[in-house]
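The structure appears below as C-alpha coordinates.
The values are calculated or read from the model by the stated rules, or taken from the named source; none is laboratory data. Predicted model, so just to flag it, every value in this text is computed and none were measured. FYI the Cβ positions are ideal-geometry reconstructions off the backbone, even for glycines, and counts take in every protein chain you see. The accessibility values were calculated without ligands, DNA or RNA, using every heavy atom of the protein model including side chains. Shrake-Rupley method; radii C 1.70, N 1.55, O 1.52, S 1.80 Å.
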Amino acid sequence: MKELGYSTISIVLETWDTAKFSAKNFEEEFGRLAVKRLFELQPRAKQVFGYDKSEEEGKAHADVHARAFAGVFDSVFQMLGPDQEFIEEMLAQIGKRHKKMGVNPSFFPYMGQALMYSLEKYLLRKLSDRETEAWEEVFDAISGEIVRQILL
(Lines give C-alpha, C1' and ligand atoms only; values in the text may rest on other atoms or scores of the structure.)
Protein backbone atom coordinates (compact mmCIF):
# COMPACT_ATOMS: atom_id res chain seq x y z
CA MET A 1 0.00 0.00 0.00
CA LYS A 2 1.17 3.49 -0.75
CA GLU A 3 2.86 5.14 2.25
CA LEU A 4 0.66 7.84 3.71
CA GLY A 5 2.04 10.89 5.47
CA TYR A 6 1.36 11.72 9.10
CA SER A 7 -0.56 14.92 8.31
CA THR A 8 -2.75 13.11 5.78
CA ILE A 9 -3.61 10.38 8.27
CA SER A 10 -4.24 12.96 11.00
CA ILE A 11 -6.67 14.93 8.85
CA VAL A 12 -8.60 11.80 7.91
CA LEU A 13 -8.77 10.51 11.48
CA GLU A 14 -9.81 13.90 12.86
CA THR A 15 -12.66 14.38 10.39
CA TRP A 16 -13.72 10.72 10.70
CA ASP A 17 -13.84 10.89 14.49
CA THR A 18 -15.78 14.16 14.39
CA ALA A 19 -18.37 12.58 12.10
CA LYS A 20 -18.38 9.30 14.05
CA PHE A 21 -19.11 10.91 17.39
CA SER A 22 -21.84 13.14 15.96
CA ALA A 23 -24.51 10.41 15.91
CA LYS A 24 -25.66 7.67 18.25
CA ASN A 25 -26.03 4.97 15.56
CA PHE A 26 -23.27 6.31 13.33
CA GLU A 27 -22.08 3.07 11.75
CA GLU A 28 -25.52 1.94 10.63
CA GLU A 29 -26.78 5.38 9.57
CA PHE A 30 -23.55 6.41 7.84
CA GLY A 31 -23.37 3.12 5.99
CA ARG A 32 -26.97 3.40 4.80
CA LEU A 33 -26.40 6.94 3.57
CA ALA A 34 -23.22 5.91 1.74
CA VAL A 35 -24.81 2.87 0.09
CA LYS A 36 -27.85 4.92 -0.92
CA ARG A 37 -25.56 7.53 -2.47
CA LEU A 38 -23.57 4.80 -4.24
CA PHE A 39 -26.78 3.55 -5.86
CA GLU A 40 -27.65 7.09 -6.96
CA LEU A 41 -24.21 7.58 -8.51
CA GLN A 42 -23.89 4.08 -10.01
CA PRO A 43 -27.20 2.20 -10.26
CA ARG A 44 -25.41 -0.89 -11.67
CA ALA A 45 -23.95 -1.42 -8.19
CA LYS A 46 -27.39 -2.63 -7.08
CA GLN A 47 -26.74 -5.92 -8.90
CA VAL A 48 -23.96 -6.78 -6.44
CA PHE A 49 -26.49 -6.54 -3.63
CA GLY A 50 -29.03 -8.84 -5.28
CA TYR A 51 -31.51 -6.22 -6.45
CA ASP A 52 -31.56 -7.98 -9.82
CA LYS A 53 -33.12 -11.00 -8.02
CA SER A 54 -35.65 -9.15 -5.87
CA GLU A 55 -36.12 -5.83 -4.13
CA GLU A 56 -36.41 -7.63 -0.78
CA GLU A 57 -33.16 -9.58 -1.21
CA GLY A 58 -31.34 -6.49 -2.44
CA LYS A 59 -32.50 -4.39 0.51
CA ALA A 60 -31.52 -7.08 3.02
CA HIS A 61 -28.05 -7.47 1.51
CA ALA A 62 -27.60 -3.69 1.27
CA ASP A 63 -28.57 -3.27 4.94
CA VAL A 64 -25.98 -5.85 6.01
CA HIS A 65 -23.31 -4.14 3.91
CA ALA A 66 -24.32 -0.70 5.19
CA ARG A 67 -23.87 -1.78 8.80
CA ALA A 68 -20.45 -3.25 8.02
CA PHE A 69 -19.29 -0.38 5.80
CA ALA A 70 -18.51 2.21 8.47
CA GLY A 71 -17.14 -0.43 10.83
CA VAL A 72 -14.66 -1.69 8.25
CA PHE A 73 -13.51 1.84 7.44
CA ASP A 74 -13.17 2.62 11.13
CA SER A 75 -10.99 -0.45 11.63
CA VAL A 76 -8.83 0.38 8.63
CA PHE A 77 -8.45 4.02 9.67
CA GLN A 78 -7.35 3.03 13.18
CA MET A 79 -4.57 0.91 11.67
CA LEU A 80 -3.21 3.55 9.30
CA GLY A 81 0.42 4.25 9.98
CA PRO A 82 3.66 2.33 10.28
CA ASP A 83 2.34 -1.27 10.33
CA GLN A 84 1.62 -1.55 6.61
CA GLU A 85 1.86 -5.33 6.49
CA PHE A 86 -1.11 -5.89 8.78
CA ILE A 87 -3.36 -3.39 7.00
CA GLU A 88 -2.37 -4.78 3.60
CA GLU A 89 -3.40 -8.28 4.72
CA MET A 90 -6.72 -6.95 6.01
CA LEU A 91 -7.37 -5.13 2.72
CA ALA A 92 -6.40 -8.25 0.77
CA GLN A 93 -9.09 -10.21 2.64
CA ILE A 94 -11.64 -7.46 1.94
CA GLY A 95 -10.63 -7.55 -1.73
CA LYS A 96 -11.10 -11.31 -1.90
CA ARG A 97 -14.59 -10.98 -0.38
CA HIS A 98 -15.47 -8.25 -2.87
CA LYS A 99 -14.24 -10.45 -5.73
CA LYS A 100 -16.51 -13.31 -4.58
CA MET A 101 -19.42 -10.86 -4.43
CA GLY A 102 -18.75 -9.82 -8.04
CA VAL A 103 -17.85 -6.21 -7.28
CA ASN A 104 -16.70 -4.37 -10.39
CA PRO A 105 -13.52 -2.34 -9.76
CA SER A 106 -15.10 0.54 -11.67
CA PHE A 107 -17.51 1.00 -8.74
CA PHE A 108 -14.77 2.16 -6.37
CA PRO A 109 -14.55 5.77 -7.54
CA TYR A 110 -18.31 6.02 -6.97
CA MET A 111 -17.90 4.51 -3.51
CA GLY A 112 -15.25 7.12 -2.77
CA GLN A 113 -17.65 9.87 -3.83
CA ALA A 114 -20.40 8.33 -1.70
CA LEU A 115 -18.04 8.15 1.28
CA MET A 116 -17.07 11.84 0.98
CA TYR A 117 -20.71 12.87 0.44
CA SER A 118 -21.77 11.01 3.58
CA LEU A 119 -18.88 12.40 5.57
CA GLU A 120 -19.86 15.97 4.66
CA LYS A 121 -23.46 15.26 5.69
CA TYR A 122 -22.27 14.18 9.13
CA LEU A 123 -19.81 17.04 9.48
CA LEU A 124 -22.58 19.46 8.43
CA ARG A 125 -20.10 21.23 6.16
CA LYS A 126 -18.07 20.86 3.01
CA LEU A 127 -14.60 19.44 3.37
CA SER A 128 -11.77 21.93 2.89
CA ASP A 129 -9.47 21.47 -0.10
CA ARG A 130 -6.78 19.97 2.16
CA GLU A 131 -9.27 17.61 3.80
CA THR A 132 -10.56 16.54 0.39
CA GLU A 133 -7.01 15.85 -0.80
CA ALA A 134 -6.26 13.81 2.33
CA TRP A 135 -9.45 11.76 2.00
CA GLU A 136 -8.85 11.13 -1.69
CA GLU A 137 -5.26 10.03 -1.01
CA VAL A 138 -6.31 7.64 1.76
CA PHE A 139 -9.31 6.26 -0.14
CA ASP A 140 -7.18 5.74 -3.26
CA ALA A 141 -4.57 3.84 -1.24
CA ILE A 142 -7.17 1.66 0.48
CA SER A 143 -9.30 1.01 -2.58
CA GLY A 144 -6.19 0.37 -4.69
CA GLU A 145 -5.25 -2.55 -2.45
CA ILE A 146 -8.80 -3.94 -2.56
CA VAL A 147 -9.03 -3.59 -6.35
CA ARG A 148 -5.65 -5.28 -6.74
CA GLN A 149 -7.12 -8.38 -5.09
CA ILE A 150 -10.24 -8.24 -7.21
CA LEU A 151 -8.15 -8.21 -10.38
CA LEU A 152 -5.95 -11.19 -9.37
Point to revise | Search result, residues across region 11-50 that are open to solvent by 50 Å² or more (accessible area, probe 1.4 Å), basic (Lys, Arg) and in contact with a Phe, Trp or Tyr (Cβ under 6 Å, 6 or more places away or on another chain) | key: 37, 46
Review point. Restricting the search to region 117-137, which residues are closer than 19 Å to residue 68 by Cβ and of a type in the set (A, V, I, L, M, F, W, C)?
Key: 119
Exercise for review: Determine whether residue 6 is crowded, with 16+ Cβ neighbours inside 10 Å, farther than 19 Å from residue 144 by Cβ and among the aromatic types (Phe, Trp, Tyr).
Suggested key: no
Check your understanding: Within the set of pairs 6+ apart or on separate chains, which have a first residue in region 109-126 that is free of Cβ contacts under 8 Å to residues at least 40 places away in the same chain, a second that is buried (at least 19 other Cβ atoms within 10 Å of the Cβ), and C-beta atoms under 6 Å apart?
Key -> 112/139; 116/135
**Study point:** When residues of region 95-143 are limited to those that are buried (at least 16 other Cβ atoms within 10 Å of the Cβ) and among the small types (Gly, Ala, Ser), the one nearest to residue 6 (Cα to Cα)
**Key:** 134
Exercise for review: Looking at (1) open to solvent by 90 Å² or more (accessible area, probe 1.4 Å); (2) within 22 Å of residue 4 (Cα to Cα); (3) at pLDDT below 90, find the lone condition where residue 67 falls short.
Suggested key: (2)
